[in-house]
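For reference, the structure is listed below as structure tokens.
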Number of protein chains: 4
Amino acid sequence: KRTQADSAGQRMDIRGIYPPIATPFTEKEDVDYQKLNDNLQKYAKIPFRGLVVQGSNGEYPYLMAEERVEVVRRVRQALPRDKLVIAGSGCESTMATVQMSEQMAQAGADAVLVVTPCFYRGRMDSRALIHHYTKVADSSPVPVVLYSVPANTGLDLPVDAVVTLSQHPNIVGIKDSGGDITRIALIIHKTSSEDFQVLAGSAGFLLAAYSVGAVGGVCALANVLGQQVCQLEELCLTGQWEAAKALQYRLIEPNIAVTRKFGVAALKQAMEWFGYHGGSCRFPLQPLSEADVRVLRQDFSSNGWL
Amino acid sequence: KRTQADSAGQRMDIRGIYPPIATPFTEKEDVDYQKLNDNLQKYAKIPFRGLVVQGSNGEYPYLMAEERVEVVRRVRQALPRDKLVIAGSGCESTMATVQMSEQMAQAGADAVLVVTPCFYRGRMDSRALIHHYTKVADSSPVPVVLYSVPANTGLDLPVDAVVTLSQHPNIVGIKDSGGDITRIALIIHKTSSEDFQVLAGSAGFLLAAYSVGAVGGVCALANVLGQQVCQLEELCLTGQWEAAKALQYRLIEPNIAVTRKFGVAALKQAMEWFGYHGGSCRFPLQPLSEADVRVLRQDFSSNGWL
Amino acid sequence: KRTQADSAGQRMDIRGIYPPIATPFTEKEDVDYQKLNDNLQKYAKIPFRGLVVQGSNGEYPYLMAEERVEVVRRVRQALPRDKLVIAGSGCESTMATVQMSEQMAQAGADAVLVVTPCFYRGRMDSRALIHHYTKVADSSPVPVVLYSVPANTGLDLPVDAVVTLSQHPNIVGIKDSGGDITRIALIIHKTSSEDFQVLAGSAGFLLAAYSVGAVGGVCALANVLGQQVCQLEELCLTGQWEAAKALQYRLIEPNIAVTRKFGVAALKQAMEWFGYHGGSCRFPLQPLSEADVRVLRQDFSSNGWL
Amino acid sequence: KRTQADSAGQRMDIRGIYPPIATPFTEKEDVDYQKLNDNLQKYAKIPFRGLVVQGSNGEYPYLMAEERVEVVRRVRQALPRDKLVIAGSGCESTMATVQMSEQMAQAGADAVLVVTPCFYRGRMDSRALIHHYTKVADSSPVPVVLYSVPANTGLDLPVDAVVTLSQHPNIVGIKDSGGDITRIALIIHKTSSEDFQVLAGSAGFLLAAYSVGAVGGVCALANVLGQQVCQLEELCLTGQWEAAKALQYRLIEPNIAVTRKFGVAALKQAMEWFGYHGGSCRFPLQPLSEADVRVLRQDFSSNGWL
């Protein structure tokens, strides 16, 4: 049985690169576990630290509760034991998040990634969010990773809340997808007395995040250009900043294309080009128009990837 | 069996005032059906057109799918047959919304209220939203009411999408909570050839909405001051605009207090003062601080309600 | 010499409809006073209460300080004495606004319209804005009208500041262009003990504003459809709400077109169609594309105006 | 006479650190040239590349046109010849900006910094902004630096506009104050074929900006901790990233305090603590409350600067 901290009292080490994997669907919009498995076989050969399952790119808000858990179970079964599985267990209510975190742990997740609740965003102040995460972390059988993704939630987990939560023994870090590098540096600075790990939430600012002390990244683009994102990590970790910069430059436009410009449908389209199963999203997410596909392709080819 | 339109081809008439009812919980955060029932007995005596169940004030994002349906079933059983039950059936995916709408109809809902999906708000353009609502309306056994609530979703259902959707025989109207009166008037103007009904989503702009052609309101404040909101409707419908204005003025600050200033916790607190069961919210929604309660009370008392 | 309040202590009556006039330019981008004069002759025949000179539609941020004053002087000279001239005198600093208000009064303005300073919008809280307007009103030789236009300034003059400022003897009202009808009604309610007058800042919500107690409007569209906007006022004042509604509907799309959809360039284009001198804007405002002109025309013609 | 590019066709080299200097005022709100001069004597001893005069922190929107020019003239006279003077010459209209740029050059500015016009922000698309900057750069006697500061203007100069403008021979770079590090890296990547220089607009993300290829910074905090900001530059340029990181961390909170948290009044207060003349702002900017001063002090002392 995993404990919240090992015998030396140290928190789980989550450093490294993770693709937040996409969920392939059949034509009837069911989860396509066969295609998922094919993708996992390929990901297993890339020096990822692990996978994030049920992040925003996994269309988790479109999956039923049972589907969310089942996908995590299948991923854990298919993935080599040394790869971490971080499972998105965030729900709107504290009660449901507690329960989902437990189920994710039972399904084999090594840690859970908990997005900020956001429907009542006007009331989600530090007090509410600290209460939420504390309750979840208190009861979760596995470590908790905070998750701030304002583009989807319209809400930034406040820095003071992060600092308070960093002191909880079962909260090991944060995935910050907002891209505000000053904020990221400040979080690292203010939590430096804790064993608290910050992961960049996107490949677009991965180098910059490393430069200010981040220890890894959860990057949508790693679903497509996994080797390259891991190479960028390696260049940063070994201080090869000039080479890192040159590589970072070439990743920005493809990254924007598969995230805020065109979203998950573009990520899945690009996956097809690079040998993975992408396919369609669940509705209401729409397939890309032909014009959008052309622009997407251009964003990869103009940077030398296609 | 209800059909989508009656034999004369007319759409369901949804004119009137509806409280979007709150969901009382026990101390263990379970739904308290006894307290719910008590509230329903009181609401039955107010000249509401019906109730909205599982609107934003019902904390629907915090209820499990089964709870959402069960609450609707109980409300339908307790409520006199001549009162409409409009049930919130919106989910993030089209698939889940279709399924939930069916379940709500089976549980006795007279119509379903479908909020805009919003997690991938950057991709929720008119194309996606028209597709979503069309699929839901095509399959729903009961009429569909559109629901735009940008304060919670960060997304306004675009006017052109509303106009297109107004032509669907199973879409009967919209609850618009954004409060942009120009937009509301434009929607009414552009859908005038259809039998499309616009409900104001708040008591704060109810008079103004009537003045430009709205036919009713779904008003959080009606949970507390139900008679008064119905009286405002009556004054507007009978052209007593001066009296309407005087009453409208006195409702604005209490309304702001129980909505955007303090949210659902304040609504439930105020319900207690006016003889209803309110109680706590599910977490992460927090109870009001004592200072907030004082301000809330002042917002009612300074307008002569307490 | 005008005094701040007449002998009976009453504030200046500013009720009625005002076009915020556009500034015609020559090909060399100089103010074209001849064309301005031609427009004024036509406006004099419309039952406007007066004109607003140097509102947002007058491109006042693009005029030199001397030009701003000179345009007001020319308008005052050309306009019949019974028409009010309300001159925009807002600058970023309190000092400059005080000075400009004095110059506007000397140039013949009957009142000054003072926009919220906004460059340091993060610091423009109620304290700063109350201080600013109080200093300006203390020294202005003519009455002051507050002006909140968040689409341009990114800033809403807070309701509590408006309420405080309404007690100043030399502040007679507000032009509110935000279109938040709940806010407008609340301002009227909270200032009801004062002789404080609220003008709608746009023709799009003029009927709704009258329905909650506004006493007039400063409407860009009145530059083009002046008679019609005055007719809408008349219908509201005489309680002909059904006819008012029908007319209001037809004004919304043309109004959106000449304001937030296409801006001042569209207002000037539409003026040409209706017999006024419009012409080009100062740069960097661009002329409309041909495609935009077609859409603009359609927004007028589909509502029966062209 | 300076030419737009030297004989070798190279653009002016603007690499390095610049404080955007504050403007001291007398008790009567006049510019205090004596105090300004005292500050300049101290800044001359710090290894700045030069000074930015009439940036946002110089309260330029509160200065009359003549004051803006006069301050630049005095700074140029007082400053050693080897220090660059970059003068803010941005106005709302293209015409006024052209004229002001000329006046700034005559007053001795080595380059002009041109903020995006923003009052009609809804119309300030790439087409308008490219037109504006091209006209200004065509006529300016000295090189032009673009300036994007969305916190004040509510507007980000679009990347595609920056890329187009980078090809103009008289546009040498951009000051980007938005802090979006992905955008900054993308601008550097997309303008790499040009001799185009990117300056970070704040000390909060200076290290990160260097890590992706920026060549300097215009940093409000350099008015207070000038030596330290220059030291951070030096550490970045010599690849001492660990030491740079440690220093960067300690600058973030003081920087936030003198910019978005408390603004120019805080910058001037902190200047007093570090031996410079700060003093009051012009109104409507308010002095800090005592409580704010305590928080401000804490933001410096908790990072070891006081």
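Observations on the structure shown:
- Flag for residue C:158 being more than 10 Å from chain D (Cβ to nearest Cβ), touching a helix residue (DSSP H, G or I) at 6+ places or on another chain (Cβ under 6 Å) and touching a residue at least 40 places away in the same chain (Cβ under 8 Å): no
- Only one entry of C:231, C:240 meets the criterion of being touching a Leu at 6+ places or on another chain (Cβ under 8 Å) and without any contact (Cβ under 8 Å) to a residue 24 or more places away in the chain, and that entry is C:231.
- Considering residues of the stretch B:282-291 that are in contact with a helix residue (DSSP H, G or I) (Cβ under 7 Å, 6 or more places away or on another chain) and more than 9 Å from every other protein chain (Cβ to nearest Cβ) only, the residue farthest from residue B:59 (Cα to Cα): B:288
- Residue in the stretch A:66-83 that is buried (at least 20 other Cβ atoms within 10 Å of the Cβ), of a type in the set (Val, Ile, Thr) and in contact with a Ser or Thr (Cβ under 7 Å, 6 or more places away or on another chain) present: yes
- Of everything in the stretch D:220-278 that is more than 14 Å from chain A (Cβ to nearest Cβ) and at positive phi, the residue that is surrounded by the most Cβ atoms within 10 Å (Cβ to Cβ) is D:263.
- Total residues in the stretch A:79-96, condition closer than 18 Å to residue A:59 by Cβ, within 14 Å of chain B (Cβ to nearest Cβ) and of a type in the set (Val, Ile, Thr): 0
- Among helices (runs of 4 or more DSSP H) entirely within the stretch C:217-298, having at least 2 residues that are more than 19 Å from the chain's Cα centre (by Cα) and aliphatic (A, V, I, L, M) singles out C:226-237, C:241-256.
So that you can scan it fast, the table gives a plain yes or no per residue for (1) among the basic types (Lys, Arg); (2) more than 30 Å from residue B:304 (Cβ to Cβ):
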{"site": "C:189", "(1), (2)": "no, no"}
{"site": "C:194", "(1), (2)": "no, no"}
{"site": "C:233", "(1), (2)": "no, yes"}
{"site": "C:238", "(1), (2)": "no, yes"}
{"site": "C:245", "(1), (2)": "yes, yes"}
{"site": "C:248", "(1), (2)": "no, yes"}
{"site": "C:278", "(1), (2)": "no, yes"}
{"site": "C:284", "(1), (2)": "no, yes"}
{"site": "C:289", "(1), (2)": "no, yes"}
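- Checked against the criterion of being buried (at least 22 other Cβ atoms within 10 Å of the Cβ), away from chain A (no Cβ under 14 Å) and closer than 28 Å to residue B:151 by Cα, the stretch B:29-39 has at least one qualifying residue.
- Residue check, residue C:76 among the basic types (Lys, Arg) and in a helix (DSSP H, G or I): yes
- In the set (1) in a loop (DSSP other than H, G, I, E, B); (2) within 15 Å of the chain's Cα centre (by Cα), residue C:92 fails one condition alone, (2).
- Taking the conditions (1) within 14 Å of chain A (Cβ to nearest Cβ); (2) surrounded by 24 or more Cβ atoms within 10 Å (Cβ to Cβ) in turn, residue B:25 satisfies each one other than (2).
- Flag if residue D:258 is touching a helix residue (DSSP H, G or I) at 6+ places or on another chain (Cβ under 7 Å) and either among the aliphatic types (A, V, I, L, M) or modelled with pLDDT of 95 or more (or both): yes
- Within the stretch D:192-208, considering residues that are in contact with a helix residue (DSSP H, G or I) (Cβ under 6 Å, 6 or more places away or on another chain) and within 22 Å of residue D:161 (Cα to Cα), the one farthest from the other protein chains (Cβ to nearest Cβ): D:198
- Inside the stretch B:121-140, residues that are farther than 20 Å from residue A:119 by Cβ and either surrounded by fewer than 17 Cβ atoms within 10 Å (Cβ to Cβ) or of a type outside the set (Ser, Thr, Tyr) (or both) make up a count of 9.
- Some residue of the stretch C:188-200 being at positive phi, touching a residue at least 12 places away in the same chain (Cβ under 8 Å), in contact with a Lys or Arg (Cβ under 8 Å, 6 or more places away or on another chain) and not in a strand (DSSP E or B): no
- Residue in the stretch D:127-142 that is among the hydroxyl-bearing types (Ser, Thr, Tyr) and modelled with pLDDT under 95 present: no
- Matching residues in the stretch B:103-153 - criterion: being in a loop (DSSP other than H, G, I, E, B), in contact with a Gly (Cβ under 9 Å, 6 or more places away or on another chain) and either within 11 Å of another protein chain (Cβ to nearest Cβ) or farther than 15 Å from residue B:14 by Cβ (or both): B:116, B:117, B:118, B:120, B:149
A quick yes/no check of all residues on (1) touching a Leu at 6+ places or on another chain (Cβ under 8 Å); (2) of a type in the set (Phe, Trp, Tyr):
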| site | (1), (2) |
| --- | --- |
| C:10 | no, no |
| C:24 | yes, no |
| C:32 | no, no |
| C:37 | no, no |
| C:47 | no, no |
| C:50 | yes, no |
| C:62 | yes, yes |
| C:66 | no, no |
| C:73 | no, no |
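- Residue selected from the stretch B:162-191 under the condition within 13 Å of chain C (Cβ to nearest Cβ) and charged (D, E, K, R), by the criterion nearest to residue C:242 (Cα to Cα): B:190
- The residue pairs whose first member lies in the stretch C:31-50 and is in a helix (DSSP H, G or I), whose second member is surrounded by fewer than 18 Cβ atoms within 10 Å (Cβ to Cβ) and of a type in the set (Asp, Glu), and whose beta carbons are closer than 9 Å, counting only pairs six or more residues apart or on different chains, are C:33/C:70.
- Selection count where residues are under 18 Å from residue D:91 (Cβ atoms) and polar (S, T, N, Q), scope the stretch C:28-71: 2
The values are calculated or read from the model by the stated rules, or taken from the named source; none is laboratory data. What you see is a predicted model, and the numbers here were worked out from it, not measured in a lab. Note that we place each Cβ from the backbone using ideal geometry, even for glycine, and neighbour counts take in every protein chain shown.
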